[in-house]
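Undergrad: I have a structure I would like to understand better, so I am pasting it below and will then ask my questions one at a time.
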Amino acid sequence: MTLLRHLGAAIVLAVILGLLSVALNAFRDYQMAQVALYVVAIGGLTVLVGLSGQISIGNGAFMAVGAYTAALLLMHLAWPLAAVLAASAAIAALAGLAVGVAAARLRGPYLAGVTLVLAVALPSLATRFTGVFGGDQGLAVNISTPPAFLGSNFPLTRWQAWISCAAALITLVLLANLGRSRIGRSWRAVRDHEAAAALAGLNVAALRILAFVVSAACAGLAGALLGITTTLVSPGSFTVTLSIALLTGAVLGGLGTLAGAVWGSLIIVLVPTYVTDVATSHGLSSAVAANIPIAAYGVVLIAVILLFPDGIQGAVRRLLGPAVPAGRRKESGSVTTQRRHAPATEHSEEGAP
Amino acid sequence: MQEFLEFTLGGISFGMIYAAIGLSLVLIWRGTRILNYAQGAMAMFTTYIALIIINHTGNYWAGFVVALAAGLVLGAVCERVVRPAEGKPPLNAVIVTIGLLILLEGLAGMIYGGQFRSFPTAFSITGLHIGGTALGIAWNDVFVAGAVLAAALALAALFRYTRVGLRMRATAFSSGVASLLGVRVGRMLTLGWALAGLIGALAGVLVTPSTFLYPNSMDSIFVLGFTAAVIGGLDSPVGAVVGGLILGILLNYVSGYLGSDLVPIFGLAALVVVLMLRPSGLFGAAATRQV
């Protein structure tokens, strides 16, 4: 039943997004593709952070893996698009497996440290092996033109938006079902009480690694989509800033909820563009106009998280109140994440001299 | 052999900078269980202030002192911004510090522009020799290492021998117990952030002559300082210094013998190896698990 409901919602959304993409101009279509690919990446991250209770400031590195996989496959083997996207997700999942195994023993800030350094180190390989990865210039992504049956005048940006939105909807359906499955429940158990979960017979290490694999696969798919929408893959697209933006989007939107992933993606794509528009239309000097969006984005982050501690989705739920079935409300971040904080506090009291 | 000596001494100088950033992170972590991602941006901002003072007065030390004072103030201000997020889910405070990082970098770009600026050194940068052997370091590198060491010792003395230090340790141990005993916990936390801001500002002024100054100039230094703190164990100030030195020397060997583009990968490798052996860092307390 749940599967049917999720599928139905996805089909309705697909129709709405399709109509929207026709109504919007080329730049808005581009933004739509951007939002959709961030939904894929943040959806995967919110599963990792919100459901399994691990942190990653390195998912931009998995996006890089996916993007370079896609670029290389399109360039050398000219695979069909769907196969390229699947392969990108699969290769990134392998990278996620490696990181997950290394990270399974690490907690909190130590895991944050490893993933942060991963986000710095992995893209630097592209400049080390210039012959394969094209160095700082990166690789061009040979994206296929829209299929012939759509007509010869079909805009490329709309086609890119369709690809990204389709991928996002499929990812959301899969993640929503995964979250409701036995695996999703086991992740919540591990997140809320590791020892109790282990006593109940759950394989804690395997579950934590699996969460990393899922989130890396999503990031890899998102990276491939990023390469396709920007038709370029270069180390400059996969900086630490990207990884931090993903985590920020997941937390701002509301951890552990897929609707939150959508909110977060809308914020990190639309807020900077919107502020730039306002700044340039007021004729501010170029140094100020170029940096106001950055400063304003920082202010938005601080304001949103201080005003809505459970993220935007948490605020929406409180607003809707009783309209939301009680069973769902339990997922909301605050209670569970607070409990996750508890071991850290214990640790501090015993650890400090 | 001479190369080895040069790389080692140069690595110590860089390592002390990572150690300073690591120390500032440890100070805040111990007090508030928050990782301050804005630490690098705060140091960048105070270094801009130092540069303006130096250009106005022509006196390096005037800029140096003002930067440290600005670090104190900025640290205290940032603590006040982060405080409402304390007691909320732990990632909320992380997001606030990330917001501060982005805000400070944006402000720096708005006020000072994005161009690269050079920053003066305190002492000569001509290489030192003993007999006929070049050491690969200059008086300025000695100053860098000495200044961080002095700051670390001063902090240790503050915590060990003063009443304020005792109160801060009590707060870090258990804020509830400390406030029952009459410690003004809020003030201690603000003071901890202020001291961290000061140490960060010191690192900024010391490292910037070798990196240039621009709104993102401290990003990579911050990542290395964070790595140093994690290698050492986030609860341990000694660990931050040791971690910084290990990282500085190792990465200087890598960049000298193998090429600078491999530095990030070896940084990752060092971090992973250390945490595989000790998941809470070299000097961190063994993780206790709630059952």
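Read the figures in this text as sums done on the coordinates, not as results from a lab. These figures come from a predicted structure and were not determined experimentally. Cβ placement follows ideal geometry from the backbone for every residue including glycine, while neighbour counts extend to all protein chains displayed.
Undergrad: Of all the Cα-Cα pairs you can form in segment A:2-351, what percent are over 27 Å apart?
TA: Everything past 27 Å amounts to 47 percent.
Undergrad: Here's another thing I want to ask about it. Report the calculated FRET efficiency for A:L97 and B:S210 (r = Cβ-Cβ distance, R0 = 30 Å), to the nearest 0.05.
TA: The value I calculate is 0.20.
Undergrad: Counting other beta carbons within 10 Å of each residue's own, what order do B:R117, A:R5, B:R163, A:R107 fall into, fewest first?
TA: Numbers: B:R117 15, A:R5 10, B:R163 7, A:R107 20.
Lowest count first: B:R163, A:R5, B:R117, A:R107.
Undergrad: A further question on this structure: I'd like the mean, over residues of B:183-195, of how many other protein chain beta carbons sit within 10 Å of each residue's own Cβ.
TA: Working: counts 0, 0, 0, 0, 0, 0, 0, 0, 0, 0, 0, 0, 0.
The shielding value for this peptide is 0.
Undergrad: Provide the FRET efficiency to the nearest 0.05 for the A:A195-A:L320 pair, computing r from the beta carbons and using R0 = 45 Å.
TA: Calculated value: 0.80.
Undergrad: Here is a follow-up. Name the residue, out of B:V242, B:V96, B:V26, whose mean-square fluctuation peaks in a Gaussian network model built on chain B with Cα pairs under 10 Å.
TA: B:V96
Undergrad: If you plug each phi of segment A:162-172 into the Karplus form 6.51 cos²θ - 1.76 cosθ + 1.60 with θ = phi - 60°, what whole-Hz ³J(HN,Hα) values come out, in order, with x for Gly and Pro?
TA: 4, 4, 5, 5, 4, 4, 5, 5, 4, 4, 5
Undergrad: Under a plain spin-label model, where a point goes 7 Å from the Cα along Cα-to-Cβ, how far apart in nm are B:T133 and B:V73?
TA: It is 4.7 nm.
Undergrad: Once you order the gyration tensor axes a ≥ b ≥ c over the Cα atoms, which shape class does segment A:194-246 get: rounded for a/c under 1.5, otherwise prolate or oblate by comparing a/b with b/c?
TA: Because a/c hits 1.5 or more and a/b exceeds b/c, segment A:194-246 counts as prolate.
Undergrad: Which percent of the Cα-Cα distances in segment B:35-92 go past 13 Å?
TA: 63
Undergrad: With runs of 4+ DSSP H residues as the only contributors, calculate the mean residue ellipticity of chain B at 222 nm using -39,500 (n - 2.57) per run, divided by the residue total and rounded to the nearest 500.
TA: The helix contribution divided over chain B gives -24000 deg cm²/dmol.
Undergrad: Separate question: Per residue of B:276-283, how many C-beta atoms from partner chains lie within 10 Å of its own C-beta, taken as a mean? Intermediate results must be reported in sequence, preceding the final value.
TA: Details: counts 3, 0, 2, 7, 8, 3, 0, 0.
Mean inter-chain Cβ contacts per residue within 10 Å come to 3.
Undergrad: With a ≥ b ≥ c the root eigenvalues of the C-alpha gyration tensor of segment A:130-256, is it rounded (a/c under 1.5), prolate (a/b larger than b/c) or oblate?
TA: Prolate, since a/c reaches 1.5 and a/b exceeds b/c.
Undergrad: Just to verify a number: FRET efficiency for A:L20 and A:D136, C-beta to C-beta distance, R0 = 30 Å, to 0.05?
TA: 0.25
Undergrad: Please list, in order along segment B:90-95, the HN-Hα scalar couplings obtained from phi with the Karplus expression 6.51 cos²θ - 1.76 cosθ + 1.60 (θ = phi - 60°), rounded to whole Hz, x for Gly and Pro.
TA: Whole-Hz 3J(HN,Hα) from phi for segment B:90-95: x, 5, 4, 5, 4, 5.
Undergrad: Using a 10 Å cut-off on Cβ to Cβ distances, tally the other chain neighbours for every residue of A:177-183 and report the average as a whole number.
TA: Values: counts 0, 0, 0, 0, 0, 0, 0.
That works out to 0 on average.
Undergrad: Then there's this: Let me know the Kirkwood hydrodynamic radius for chain B, please, with Cα pairs as the basis and the value in Å to one decimal.
TA: 19.5
Undergrad: For segment B:16-155, just the Cα atoms, rotate onto the principal axes and tell me the three extents in Å, largest first.
TA: Principal extents (Cα only, largest first): 60, 32, 22 Å.
Undergrad: As a check on your grasp of the helix formula, calculate [θ] at 222 nm for chain A: sum -39500 (n - 2.57) over DSSP H runs of n ≥ 4, divide by the residue count, round to the nearest 500. Could you put the intermediate results ahead of the total?
TA: Details: 16 runs with 267 residues, N = 353.
That calculation yields -25500 deg cm²/dmol at 222 nm.
Undergrad: Pick from B:P209, B:P237, B:P84: which is most flexible by mean-square fluctuation in a GNM of chain B where alpha carbon atoms under 10 Å apart are linked?
TA: Its mean-square fluctuation being the largest, the pick is B:P84.
Undergrad: Could you give me the radius of gyration and the Dmax of the protein assembly as shown, taking only the C-alpha atoms into account and expressing both in angstrom?
TA: Radius of gyration, then largest Cα-Cα span, for the protein assembly as shown: 24.8, 83 Å.
Undergrad: Determine the distance separating the Cα centre of segment B:179-211 from the Cα centre of segment B:92-115; give it in Å without decimals.
TA: 18
Undergrad: Here's another thing I want to ask about it. Taking chain A as a Gaussian network, Cα atoms linked when under 10 Å apart, which of A:L24, A:L258, A:L320 shows the biggest mean-square fluctuation?
TA: So, out of A:L24, A:L258, A:L320, the one fluctuating most is A:L320.
Undergrad: Apply the Karplus parameterisation 6.51 cos²θ - 1.76 cosθ + 1.60, with θ equal to phi minus 60°, to every residue of segment A:294-303 and state each ³J(HN,Hα) to the nearest whole Hz, in sequence, with x for glycine and proline.
TA: Result, ordered by residue: 5, 4, 5, 4, x, 5, 4, 4, 5, 5 Hz.
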